[in-house]
Amino acid sequence: MTNDWAIVTGASRGIGQALAARFRQEGWGVLNLARQPSHVPGVVDLSVDLGSGDWEPRVEAALRDAVGQAKGRVSLVHNAAIYDHDDALTLTAAQLRRVLEVNVVAPAVLNRLTRPYLGDGSSILYVGSTLSEKAVRGNASYVTSKHALVGLMRSTCQDLAGTRIHTACVCPGFTDTEMLREHLGDDAARTATIAAKSTFGRLITPEEIAHVLYFCATTPTVNGAVLHANLGQVET
Ligand SMILES: NC(=O)c1ccc[n+]([C@@H]2O[C@H](COP(=O)([O-])OP(=O)(O)OC[C@H]3O[C@@H](n4cnc5c(N)ncnc54)[C@H](OP(=O)(O)O)[C@@H]3O)[C@@H](O)[C@H]2O)c1
């Protein structure tokens, strides 16, 4: 039986999939909560739409089956997110609720469902963004949700005081995933402009962010921290 387990939302592609692969490589069991399967060998998939609002009983059962008997650490990683284009002056309630449901409400609910399985050395990790601590034009719901995640992480730290369970928020910069490619389209010039915004002049790989997240999962000293993993951003 696998002793350590990771529950990763959105492990079907991008950063979440790279993280699932890293956990597997390190000998952890992995439960992927996403609409699509992860394609990483050995990962247990539960097809779930975190925006649907009706997934709690199924996830509760899957958690019991997968990690109920786990004897080691459990790491819950809130990675799944929706990235919409909208703005703070025209945003509708429905648009905002759609994004908050997946990006903020689902993590809070998953914390409650997973809490019984979190023992010494376990962790709750949040995937934020550079936009957890600053804003750009045209991403109001996403920016709002990513700021909220930092608040949820800091509350998590305080509410877990004395438990030996730790938490952190890792904030990726521009990472080469479907989310970023959808945002940039097939525009090579735009991609080059974005890459030039890092002091290293390139995009981050999903594996690099997975490495930081794995470090956080296995390092209790990093507790209550917001970690920017962005290769250094060029400020203009
Ligand atoms: N890429 C970047 O440049 C960048 C920068 C900063 C922060 N981030 C953050 O990094 C995290 C991962 O992003 P990524 O770039 O890897 O994105 P991605 O390639 O678009 O992957 C997003 C993941 O979220 C899952 N997801 C989305 N909606 C869902 C829903 N309703 N229910 C369940 N799962 C859902 C998707 O799974 P299914 O479609 O299978 O459901 C997918 O696995 C996100 O929190 C994002 O905000 C990314």
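The values are calculated or read from the model by the stated rules, or taken from the named source; none is laboratory data. These numbers come from a predicted model, not from an experiment. Heads up, the Cβs are rebuilt from the backbone with ideal geometry, glycines too, and the neighbour counts pull from every protein chain shown. Ligands, DNA and RNA are stripped out before the accessible areas are found, and what is left, the full protein with its side chains, is counted by its heavy atoms. Shrake-Rupley method; radii C 1.70, N 1.55, O 1.52, S 1.80 Å.
Checking each residue of the range 55-69 against the condition of being within 16 Å of the chain's Cα centre (by Cα) and in contact (Cβ under 8 Å) with a residue 24 or more places away in the chain gives no match.
For Ile82, the criteria (1) more than 22 Å from His166 (Cα to Cα); (2) modelled with pLDDT of 95 or more; (3) out of contact with any Lys or Arg (no Cβ under 8 Å at 6 or more places or on another chain) hold in every case but one, which is (3).
Here Ile194 meets the list (1) more than 11 Å from the ligand (Cβ to nearest atom); (2) over 18 Å from Val226 (Cβ atoms); (3) free of Cβ contacts under 8 Å to residues at least 40 places away in the same chain; (4) hydrophobic (A, V, I, L, M, F, W, C) almost entirely, failing just condition (1).
Cβ separations smaller than 6 Å between residues 6+ apart or across chains give the following pairs from the range 163-187 residues that are under 20 Å from Val150 (Cα atoms) to residues that are away from the ligand (no atom under 15 Å from the Cβ) and open to solvent by less than 40 Å² (accessible area, probe 1.4 Å): Ile165/Leu118; Ile165/Ser122; His166/Ser123; Thr167/Thr156; Thr167/Cys157; Ala168/Val222; Ala168/Ala225. Residues satisfying the criterion are absent from the range 206-223 (criterion: surrounded by fewer than 18 Cβ atoms within 10 Å (Cβ to Cβ) and touching a Gly at 6+ places or on another chain (Cβ under 6 Å)).
For residues that are open to solvent by 50 Å² or more (accessible area, probe 1.4 Å) and not polar (S, T, N, Q), tally how many sit in the range 8-21.
Count: 1.
For the range 56-80, filtered to residues that are of a type outside the set (A, V, I, L, M) and within 25 Å of Ile209 (Cβ to Cβ), the residue that is most open to solvent (accessible area, probe 1.4 Å) is Arg73.
What number of residues within the range 107-148 are among the aliphatic types (A, V, I, L, M) and under 22 Å from Arg73 (Cβ atoms)?
Applying the first criterion (among the aliphatic types (A, V, I, L, M)) to the range 107-148 yields 108-110, 113, 118, 124-125, 127, 131, 135-136, 140, 143, 148.
Subset that is under 22 Å from Arg73 (Cβ atoms): 108-110, 113, 118, 124-125, 127.
Of the residues in that region, 8 qualify.
Of everything in the range 81-96 that is in a helix (DSSP H, G or I) and either out of contact with any helix residue (DSSP H, G or I) (no Cβ under 9 Å at 6 or more places or on another chain) or open to solvent by less than 70 Å² (accessible area, probe 1.4 Å) (or both), the residue that is farthest from the ligand (Cβ to nearest atom) is Ala93. If only residues of the range 22-44 that are among the charged types (D, E, K, R) and surrounded by fewer than 20 Cβ atoms within 10 Å (Cβ to Cβ) are counted, the one that is nearest to the ligand (Cβ to nearest atom) is Arg35.
Regarding Ser52, is this residue within 21 Å of Lys146 (Cα to Cα), at pLDDT 95 or above and open to solvent by less than 10 Å² (accessible area, probe 1.4 Å)? Don't jump to the end; show me each part of the working.
On the way: within 21 Å of Lys146 (Cα to Cα): yes; at pLDDT 95 or above: yes; open to solvent by less than 10 Å² (accessible area, probe 1.4 Å): no.
No, not satisfied.
Listed conditions (1) at pLDDT below 95; (2) away from the ligand (no atom under 15 Å from the Cβ) are all met by Leu118, apart from (1). May I ask you to verify whether Ser145 is more than 24 Å from Leu31 (Cβ to Cβ), crowded, with 21+ Cβ neighbours inside 10 Å, at pLDDT 95 or above and touching a Leu at 6+ places or on another chain (Cβ under 6 Å)? For Ser145, the condition - more than 24 Å from Leu31 (Cβ to Cβ), crowded, with 21+ Cβ neighbours inside 10 Å, at pLDDT 95 or above and touching a Leu at 6+ places or on another chain (Cβ under 6 Å) - is not met.
Taking the residues in the range 164-191 that are more than 15 Å from the ligand (Cβ to nearest atom) and of a type outside the set (Ser, Thr, Tyr) as candidates, determine which candidate is nearest to the chain's Cα centre (by Cα). Before the answer, list the steps.
Residues of the range 164-191 more than 15 Å from the ligand (Cβ to nearest atom): 164-167, 186-189.
Subsequent filtering for residues that are of a type outside the set (Ser, Thr, Tyr) retains 164-166, 186-189.
On the way: Arg164: 21, Ile165: 18, His166: 15, Asp186: 25, Asp187: 27, Ala188: 27, Ala189: 28 Å.
In this case the residue turns out to be His166.
Filtering the range 178-223 to residues that are modelled with pLDDT of 90 or more, small (Gly, Ala, Ser) and assigned to a loop (DSSP other than H, G, I, E, B) leaves Ala196, Gly201.
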